[in-house]
Amino acid sequence: MRVLLVGPGAIGASAGAWIAAHYPNICFLARGIHYDAIRKNGIALHKEGESECQRIPVTVYSQLENAPDVDVVLVAVKNFNLAAACEQVHNRYGDNPIVVGIQNGLANQSILPRYFSKVIYGIAGYNAWMDEPGVVGYQKKGPIVLGVHGNTPPKDIGEVARIMNQGVPTVVADRFQDAAHCKAVINLTNSLVTLIGYGYRPIDSFPLFQKILANMLYEGIQIIRAAGYRESRIGGIPGWALITAGATLPSWLVRPLFRRNARKMVRSSMSQDLIQYHRGDSEIDDINGYLLGLAVRHNVPAPYNHAVYALAKEEFAKPDFQPIPVTAVWKRIQECQEHS
């Protein structure tokens, strides 16, 4: 099978490069400075805490019309760019290829089927970040979880998983919707860490950061459980028992564990988009907004998430967003609780 990867950001570039190191029949589509960097230097990957990079040469195109015919398209752009990317891919290839969408949130499940009939969904179960175009850091290699929602033949997903597994651990989930919703809960953290600038500035109150984050995740579990979804463990993400303990046990008791887990947190892609690159778009509606919609439909109280979502929407909409103190977030949560 011939493979094209569209969207060589942190996840797309790392997964694609790992595959390319073992499967030569893959090429990339990149634009602007990303195309220039990858064409000249390939993709450089380094593990967190290590300075040495693994540099992987890849074939890259700047225009789809110059790319070869392919059997599989891996689309790793953000949801807010997904429709435009799908339209370009469809204009070039029609409905012929198998299309694999690797995005945060659930919005891709409504976007991709508008353009393609053979769709596979993917979840990245690892953290990665872009140091500069063509240079990506990561915590661990994979996994990527694949699943279907519709009529995609099982033989297609099996072959795609086989190809991807040559470079990055890839599994096929029997209950993909469980996995997708569990990952969405973990992605709730992106809005908070972006709002307070975690990794970009000192945190003014670690105990409040712990309290807010723990309760956001705990509310997330209650929301998807009420909606009928089960726990699905993805990579090394915290399980429901640990998240529940973090929100219900005395904070001083679980603080050492929270500090250890917080040290593992890297700059989220949302933080990079809004703080580092000053882009105006974010995935907050696709992740936080979607889960809060479930909360309303299933009558699940979610005061922490409602407050953070509303505050983040206000702050992220500012022309030059700047992170705010944790104490300001806490004040907003208290105000929302007083008026509820």
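Things worth noting here:
- Look at the dipole of the chain built from charges on Cβ: of Asn261, Ala84, Gly101, the Cα furthest out on the positive end belongs to Asn261.
- Cross-link pairs Lys155/Lys264; Lys40/Lys183; Lys141/Lys318; Lys40/Lys313; Lys183/Lys313 - those with Cα-Cα distance over 27 Å: Lys155/Lys264; Lys40/Lys183; Lys141/Lys318; Lys40/Lys313
- Net charge of Cβ neighbours under 14 Å - reference Pro301; Lys, Arg +1; Asp, Glu -1: +1
- Axial C-alpha extent at least 20 Å, average Kyte-Doolittle at least -0.5 - helices from the chain (DSSP): 176-196, 206-226
- Taking other residues whose beta carbon is less than 10 angstrom from the beta carbon of Leu4, and scoring Lys, Arg as +1 and Asp, Glu as -1, yields 0.
- Taking a sphere under 14 Å around the Cβ of Glu231 and counting the other residues whose Cβ falls inside, with K and R at +1 and D and E at -1, yields a net charge of +3.
- Ranked by the mean number of other Cβ atoms within 10 Å of their residues, highest first, the peptides 51-59, 264-272 come out as 264-272, 51-59.
- Only the Cβ atoms of Lys and Arg (+1) and of Asp and Glu (-1) were treated as charged; on that basis the dipole of the chain about its Cα centre amounts to roughly 740 debye.
- Residues whose amide H comes within less than 5 Å of that of Asn104, counting only those at least five positions distant or on another chain, are Asn79 (H built at 1.01 Å from N in the peptide plane).
- By the rule of a C-alpha distance below 18 Å, with chain neighbours fewer than 8 residues away ignored, the aspartates and glutamates paired with Lys211 are Glu219, Glu335, Glu338.
- The range 297-340 versus the range 218-238: alpha-carbon centroid distance in Å: 22 Å
- Using C-alpha pairs under 8 Å with a sequence gap of at least 6, the mean separation divided by the residue count of the chain gives a relative contact order of 16 percent.
- Cross-link partners of Lys78 among aspartates and glutamates (Cα-Cα below 13 Å; sequence separation of 8 or more within a chain): Asp273, Asp281, Glu283, Asp285, Asp286
Read the figures in this text as sums done on the coordinates, not as results from a lab. None of the values given here were measured: they were computed from a predicted structure. Note that each Cβ is placed from the backbone with ideal geometry, even for glycine, and that neighbours are counted across all protein chains shown.
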